[in-house]
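Novice: First, the structure itself, so that you have it in front of you.
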Amino acid sequence: MNMPKEGYRGLASMNRLKWLATFFVILGTVFNSLNMYPIGPMVMIVAGVMWCVVSVHWNDRALIVTNFTLTFVSIFGLMMHYLFGVL
């Protein structure tokens, strides 16, 4: 079995971060479905950033694109709301 450079310790930390990010995605989705604004998008930004770190570490382009887009759209929505009064 080929081990990544970081060994088992690095794999364990990425696994923890992956599950923490998943928890935040679920929590953000719950907040959004309950119309809890702006906490829902803020939690989704945290989740997106965490998943971006994991996906870059894994070098998984599909996850990178998905999570950078999720993060960008959430930030853009908050900016439109607070800076321009849209939404």
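Each reported figure results from applying straightforward, stated rules to the coordinates on display, with no laboratory input. Just so we're clear, the structure is a prediction, and the values are computed from it rather than from any experiment.
Novice: Equivalent-ellipsoid semi-axes (√(5λ), Cα gyration tensor) for the chain, whole Å, largest first?
Specialist: 30, 14, 8
Novice: Starting from a Cα-only point model with no solvent, please compute log10 I(q)/I(0) by Debye for the range 37-87 at q = 0.24, 0.32 1/Å.
Specialist: -0.79, -1.10
Novice: What angle do you read, to the nearest 10 degrees and between 0 and 90, between the alpha-carbon axis of helix 39-58 and the longest principal axis of the chain?
Specialist: Helix 39-58 sits roughly 20 degrees off the main axis of the chain.
Novice: Still on this model: Relative to the longest principal axis of the chain, what angle (0 to 90°, nearest 10) does the C-alpha long axis of helix 61-84 take?
Specialist: Its long axis makes an angle of about 20 degrees.
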